[in-house]
C-alpha cells in the first residue's frame, strides 16, 4: 500500500472504529494530538495516554452537563459567583464544606432561611451544581410546582409512581417554601413526599419564613411540627437574614457604571 493510500485508509478506519466504540472525542482529537506528541518527541505510549485522557476528561464533562440538565435548574449559578463582601451570606468556609457533598452521602438536609433576594436560591443552586459535578443525581422544584405535580399524579392515580421516583434522587432542591400558600390537600401531599426522604436522601429547602411561621404553609400545628421534626433532623440551617443580595448587586453594578461614565467624560 503506497503512502498516499495509507494516509486515506488509516484515518477512515480510525473514524469507523472510534464511532463503533463510542469514542467521539478520539475522533476529534487524534490527529491534533499526534502532531503535538510528535513535535515534543513523545512515543506511542505518550500519544495513547494523551488520547485516552482527552476522551476521559470530555466524558466527565458531558456527564456533568447531563446531570445539570436533568436537574432542571432554573439557572445555573455557582457558589464561586457569590460576593461575600456584599451581603450577610453564610461563611465561605461553610459553603465550601457543604460543596464536598458529605451531607448528601449521609442523608442530611440543608435549610436556608431569609427574606427575598438574600441569595437563598443562588446558594441552593450552587450546591446543586456541586452535587452534579460529583456525579450525583439532582432534581429542582419550587414547592408550588411540586405540589401541583403531586396533585396531578394523585388525580391520575399515579401518585405511588411519582413518589417512588421522588425518593430516588440523591438530592432534591425545594425552592420558595412559603411564597405561595398550600391547600390542606396539597400540604399533606408535600408532607408525604418529604417523609419518604427522611433519613434516606437529602433535601435543600429555601424559605422566606422562619420555622414558627411554617404553620402558614402546612395549615395545622400538628402537621407543621411533624414536618419540622423530620426536615430539621441533623440538618444544616443557614440563616440568611440581611439586605437583598439582588438589590445589593444591582446597586453595585449601577454605581460602577456611573463611575465609568464619569471617568469617561473627564477630559
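The values are calculated or read from the model by the stated rules, or taken from the named source; none is laboratory data. Everything numeric here is computed off the predicted structure, so don't read it as measured data. Ideal geometry is used to build each Cβ from the backbone, glycine not excepted, and the neighbour counts take in all protein chains shown.
What residue, among those in the range 233-259 that are surrounded by 12 or more Cβ atoms within 10 Å (Cβ to Cβ) and over 26 Å from the mean Cα position of the chain (by Cα), is modelled with the highest pLDDT?
Looking at residues that are surrounded by 12 or more Cβ atoms within 10 Å (Cβ to Cβ) and over 26 Å from the mean Cα position of the chain (by Cα), I get 252.
For the range 29-42, does any single residue satisfy the condition of being within 24 Å of residue 133 (Cβ to Cβ), in contact with a helix residue (DSSP H, G or I) (Cβ under 9 Å, 6 or more places away or on another chain), at pLDDT below 85 and outside any helix (DSSP H, G or I)?
no
In this structure, is residue 145 touching a strand residue (DSSP E or B) at 6+ places or on another chain (Cβ under 6 Å) and surrounded by 15 or more Cβ atoms within 10 Å (Cβ to Cβ)?
No.
Name the residues in the range 165-175 that are without any contact (Cβ under 8 Å) to a residue 40 or more places away in the chain and crowded, with 18+ Cβ neighbours inside 10 Å, would you?
Once the filter is applied, which keeps residues that are without any contact (Cβ under 8 Å) to a residue 40 or more places away in the chain and crowded, with 18+ Cβ neighbours inside 10 Å, the range 165-175 yields 166, 169, 172, 174.
Could you list, in sequence order, the residues of the range 193-225 that are part of a helix (DSSP H, G or I) and in contact with a helix residue (DSSP H, G or I) (Cβ under 7 Å, 6 or more places away or on another chain)?
193, 194, 195, 196, 211, 214, 215, 217, 218, 221, 223, 224
Can you tell me which of (1) in contact with a strand residue (DSSP E or B) (Cβ under 9 Å, 6 or more places away or on another chain); (2) buried (at least 20 other Cβ atoms within 10 Å of the Cβ); (3) under 30 Å from residue 23 (Cα atoms) is the one residue 130 doesn't meet?
(1)
Within the range 69-82, count every residue that is part of a helix (DSSP H, G or I) and either touching a strand residue (DSSP E or B) at 6+ places or on another chain (Cβ under 6 Å) or crowded, with 17+ Cβ neighbours inside 10 Å (or both).
2
Which of the residues that make up the range 112-145 are in a helix (DSSP H, G or I), over 17 Å from the mean Cα position of the chain (by Cα) and in contact (Cβ under 8 Å) with a residue 24 or more places away in the chain?
Once the filter is applied, which keeps residues that are in a helix (DSSP H, G or I), over 17 Å from the mean Cα position of the chain (by Cα) and in contact (Cβ under 8 Å) with a residue 24 or more places away in the chain, the range 112-145 yields only 144.
Checking residue 61 against (1) outside any loop (DSSP other than H, G, I, E, B); (2) surrounded by fewer than 16 Cβ atoms within 10 Å (Cβ to Cβ); (3) in contact with a strand residue (DSSP E or B) (Cβ under 8 Å, 6 or more places away or on another chain): exactly one of these is not met. Which one?
Status for residue 61: all satisfied but (3).
In the range 83-111, how many are in a loop (DSSP other than H, G, I, E, B) and over 11 Å from residue 127 (Cβ atoms)?
Here the count works out to 12.
Pairs, please: C-beta under 7 Å, at least 6 apart or cross-chain, first residue over 18 Å from residue 30 (Cβ atoms) and in the range 54-66, second surrounded by 12 or more Cβ atoms within 10 Å (Cβ to Cβ)?
63/135; 64/132; 64/133
Based on what the data block shows, is residue 230 surrounded by 16 or more Cβ atoms within 10 Å (Cβ to Cβ) and in the same structural domain as residue 94 (by TED's automatic domain parsing)?
For residue 230, the condition - surrounded by 16 or more Cβ atoms within 10 Å (Cβ to Cβ) and in the same structural domain as residue 94 (by TED's automatic domain parsing) - is met.
Go through the range 153-180 and give me each residue that's touching a helix residue (DSSP H, G or I) at 6+ places or on another chain (Cβ under 9 Å), assigned to a loop (DSSP other than H, G, I, E, B) and within 28 Å of residue 211 (Cα to Cα).
167, 169, 170, 178, 179, 180
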